[in-house]
Structures are given as structure tokens and as C-alpha cells.
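One structure below.
The values are calculated or read from the model by the stated rules, or taken from the named source; none is laboratory data. Since this is a predicted model, take the numbers as computed values, not measurements. FYI the Cβ positions are ideal-geometry reconstructions off the backbone, even for glycines, and counts take in every protein chain you see.
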Amino acid sequence: MMRWLDALLGRTRPAKSSFENLFSISTARITLAVKFNVKPTGKAGITFKPVGTSYFDAAERELKGLLELAEGETKAQFRLVKDGYGYGWVLLLGKGFEDLVATLHMTSGTLRDHGFGDQLLAAVFQFADDEGRPIYWIYNYKRGRFYPFVPQTGKERDNALELRLRALMEKEMPLEPELDRWYPLWDIPLSRE
């Protein structure tokens, strides 16, 4: 009954396996590097809809404390920011890709454990090709799947490259099959880090 009501009201919830599917990018990055010469930049982030409640403030304080502990252990630096659209971001910068993935998983798990799983929008991993062009792998928590996003100047995207990346990676990680759900994330704060 709840699923039907959620569908009727246009609400979506994170897929049950969505939090674990996030780890598939750890092994997929090897295929990206070997077959496509696309490598991680050491930048990743998670975006969420902020909620102005004391419960969310408490979750954010706990999250900051956990990120500070992780920063000491993994040497990955973090920042909490808001983008131009009002969404919150946890930005990570570090050399160990697996550490970035694990820290994003911990971040999303902390928000979920505090009852804010529905606020999670996406995890974003920045990669770059030989020319230094940014290539993002976006993980949609509601769908539990990845898709590529390759922005160009202005508000254009390289659809041909995105489709080639999908063809290359479809056996490596859970990919979003519906192209109209490959939402562009313009002005990702990672590009400013």
C-alpha cells in the first residue's frame, strides 16, 4: 500500500540495494582506466536536500565528527557546502579512491540511519580523460544506479561520449537503463575544488 501511495504522490525512496551498489565503482574505475584511459581525479561528493530541523542539525553534527575521524585516518579532506540551487554537498578530496567511496558510503549511511535517506540525491565521482576534461559518474540513490555525465562549455553535454561510456561499463556496474533519467548536474562544486 505504501509503495502505491508513494507512486501516486510522486515520492521516491532509495532502492533497497542502493547503498551497497555504490561500491561497484571501486572496481569499475580499473576498467575505465585500462580501456578508456579515464582516471579518478581524487574528488567526490554527495548531494542531498537539506532539512531545516533540529534532527537534521544533530545528524549533520554527527556526520561532521565522523568525517573528521575519517579525515585523520584516510587523509581525505572534506568540506560541507551549499550549491547555487540550495542543495547541500559533502565534498571530498583525497588520493585513495577506495577511501573516497567508503567515506561517501559512510556519509549516506549516517544520513539514512538518522531518517534522512529520502533526502539523498546523488553521489558524484569526478574522473578525467587524457585532455583533463571532467567526466562524472553520478550515482542516483533513488534508483540505485550510475550514469555518466560529461559536461561541455555552456549547458551542453557530450551525449556521444556518455553513450560510449555506458556501452563500455554496462557489465561492470549497475547503470541506469532509462536515458531520460540521466539528469545533468550543472555547476557541480567539485570543479571548484
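What the table shows:
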read-out: Matching residues in segment 124-155 - criterion: being in contact with a helix residue (DSSP H, G or I) (Cβ under 7 Å, 6 or more places away or on another chain) and not in a strand (DSSP E or B); value: TYR141, ARG143, GLY144, VAL150
read-out: Residue count, segment 140-156 (criterion: in contact with an Asp or Glu (Cβ under 8 Å, 6 or more places away or on another chain), in contact (Cβ under 8 Å) with a residue 24 or more places away in the chain and surrounded by fewer than 18 Cβ atoms within 10 Å (Cβ to Cβ)); value: 0
read-out: Count - residues of segment 166-179 that are at pLDDT 95 or above and more than 17 Å from VAL150 (Cβ to Cβ); value: 3
read-out: Test: residue in segment 160-172 that is in contact (Cβ under 8 Å) with a residue 40 or more places away in the chain, out of contact with any Gly (no Cβ under 9 Å at 6 or more places or on another chain) and closer than 21 Å to PHE19 by Cα; value: yes
read-out: Boolean, ASN140 is among the polar types (S, T, N, Q), closer than 29 Å to LEU80 by Cβ and modelled with pLDDT of 90 or more; value: yes
read-out: Among (1) modelled with pLDDT of 85 or more; (2) assigned to a helix (DSSP H, G or I), the one test that LEU92 misses; value: (2)
read-out: Flag for GLN119 being in contact with a Pro (Cβ under 8 Å, 6 or more places away or on another chain), modelled with pLDDT of 90 or more and either among the polar types (S, T, N, Q) or surrounded by fewer than 15 Cβ atoms within 10 Å (Cβ to Cβ) (or both); value: no
